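A short write-up of the structure that comes next.
Read the figures in this text as sums done on the coordinates, not as results from a lab. These numbers come from a predicted model, not from an experiment. Positions of Cβ are backbone-derived with ideal geometry, glycine not excepted, and every protein chain shown enters the neighbour counts.
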Amino acid sequence: MDTQHEHLYTLIEDYLRSGYRRRTTPTGAPSSEEPADTGTGHVDDRIVTGEERERRLSELVAAIRSCNMCPLSAVRNRAVPGVGVLDPLVMVIGEGPGADEDRTGQPFVGRAGQFLDKWLEAIDLSREKNAYITNIVKCRPPQNRDPLPDEREACIPYLERQIALVRPRAILTVGRISGRVVCGVDTSMGELRKQTYQYRGVPVVATYHPSAVLRNETLKRPVWEDLKRLRDICDRS
Ligand code: URA
């Protein structure tokens, strides 16, 4: 980018920061609150270059790795920020890291993760090529229990920032917790998957967690239906 364009981007960015800031909650409802400080000092990520978004994302990853905003940080081995590409077709959002993820610092690398990779491959997606994978909470809850409301609250600003910086075309939530948090609806998995939601203008498909499908093969068919709907959304957007 030449200097003139760089200057223009800076002006637009300043303008957005000062006069055009509008926040929404995870459910998409407007919120008057300032976002929690995720340690990077930037608020508006809408008009920045890809290069700048890469830089901000690296800063965010570093902030997540050293976060101690909730008690999970005291018992983790490694925080697990996320992995994938900028501007992906799909951002996959799980619940929280398990033992393998806590050991490696990478999301979805255990048995459930390998299964998830197969789901993605079936609709021509992969974390290397056109997807980004992360979780609601970035540190492992002990004994893989569900993350507590306070732990989720503390971590949500990281997820919001990741979505703003990564800019997925669609979101796939896997499991009841992430479906409820992102869709903003307190209902069963069976109900959640009946419709497509919106998260700040990004379409959201909610499906079962790969661990649940490994335990119960009858869920494979509904998951496949959800994946086809997701692929359709990507192709149409
Ligand atoms: N389950 C999740 O929800 N996330 C992971 O990263 C691994 C397993």
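Observations on the structure shown:
- Region 37-166: equivalent-ellipsoid semi-axes (sqrt of 5 x gyration tensor eigenvalues, Cα, Å): 22, 21, 11
- Cα-projected label distance for ASP146 with LYS129, points at 7 Å along beta-carbon direction, nm: 3.6 nm
- Principal axis analysis of the Cα atoms in region 136-177 yields extents of 33, 20, 14 Å, listed in decreasing size.
- Cβ-defined net charge surrounding ALA79, 11 Å radius [Lys, Arg +1; Asp, Glu -1]: +3
- Cut-off 12 Å (backbone N to label point 7 Å along Cα→Cβ of THR104), residues of region 55-86: 83
- Taking label points 7 Å from Cα along the Cα-to-Cβ direction, ARG236 and ARG111 give a separation of 3.7 nm.
- Compared with the alpha-carbon gap, the fully stretched path from ALA122 to VAL61 is longer by 19.1 nm at 0.36 nm per residue.
- A simple count of charges around LEU60, restricted to other residues whose Cβ falls under 11 Å of its Cβ and scoring Lys, Arg +1 and Asp, Glu -1, yields +2.
- Shape analysis of region 120-219 yields a ratio of the Cα radius of gyration to the Kirkwood radius, Rg/Rh, of 0.94.
- A cut-off under 12 angstrom between Cβ atoms defines the neighbours of LYS129, and their net charge, with Lys, Arg +1 and Asp, Glu -1, is -4.
- Divide the volume of the convex hull around the Cα atoms of region 174-237 by the residue count and you get 73 Å³ per residue.
- Filter on LYS194/LYS228; LYS118/LYS194; LYS118/LYS138; LYS129/LYS194 - keep pairs with C-alpha separation over 25 Å: LYS129/LYS194
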